[in-house]
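Worksheet: the structure to be examined is printed underneath.
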Amino acid sequence: MIERRQRKRAVEEAEINITPMLDIVFIMLIFFIVTTSFTKELGVDLDRPSNAPVKEQKRSEVIPVRIDANGQVFIEGRLVNVGAIRANIVSALARKPGATVVVIADRNADSGYIVTVVDQARVAGAAKVSLAAAAR
C-alpha cells in the first residue's frame, strides 16, 4: 500500500506547468511588437498601361518633356536647366490647362533625371504625367 502512494506522488510530480513559460513568450512577443519600427517606403506611383485602345489626344493637350542621353531636358523643344523645369511646366500649364505632361526619355538617360522631372511636373500642378521611351 505504501508503494502505491509513492508511485502516485511520482506520477503527480512528473507534470510540468507551462503557464509561466507562456507568460514569458507573450511578454517577449509584446516587447518585439512595441519596439519594432514601421516605416513607409517612399516611391513613385506609376500608372501601367492597360489593354484598352489608346485614346489619342490633340497635340495642344500634350506638354512634351524630352530627356536625352546626356541628361539635357527639353520642354516643348526648348533646352531647359534642371532647376527651371517646374517653372516652365507651370507656364505651359497656364497656356494649356488640363494638359498631360509626357516625359519622353532616352533609353540611356539617367533614371535620377527622369524621377526629378516627373516629381517637378507633379509639384508644378500637372494632373496627368506620363512616361514614354524615345523612339530609335
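Every number here is computed from the coordinates shown, using simple stated rules; none is lab data. Just so it is clear, the model here is predicted, and its values are computed rather than measured. A quick note on method: Cβ atoms are made from the backbone with ideal geometry, for glycine too, and the neighbour counts reach across all protein chains shown.
Sub-7 Å Cβ pairs linking a first residue in the range 107-133 that is without any contact (Cβ under 8 Å) to a residue 12 or more places away in the chain to a second residue that is aliphatic (A, V, I, L, M), at least 6 apart or interchain, are ARG122/VAL129, ordered by first then second residue. Across the range 86-122, the qualifying residues are those that are part of a loop (DSSP other than H, G, I, E, B) and among the small types (Gly, Ala, Ser), and the one among them that is surrounded by the most Cβ atoms within 10 Å (Cβ to Cβ) is ALA109.
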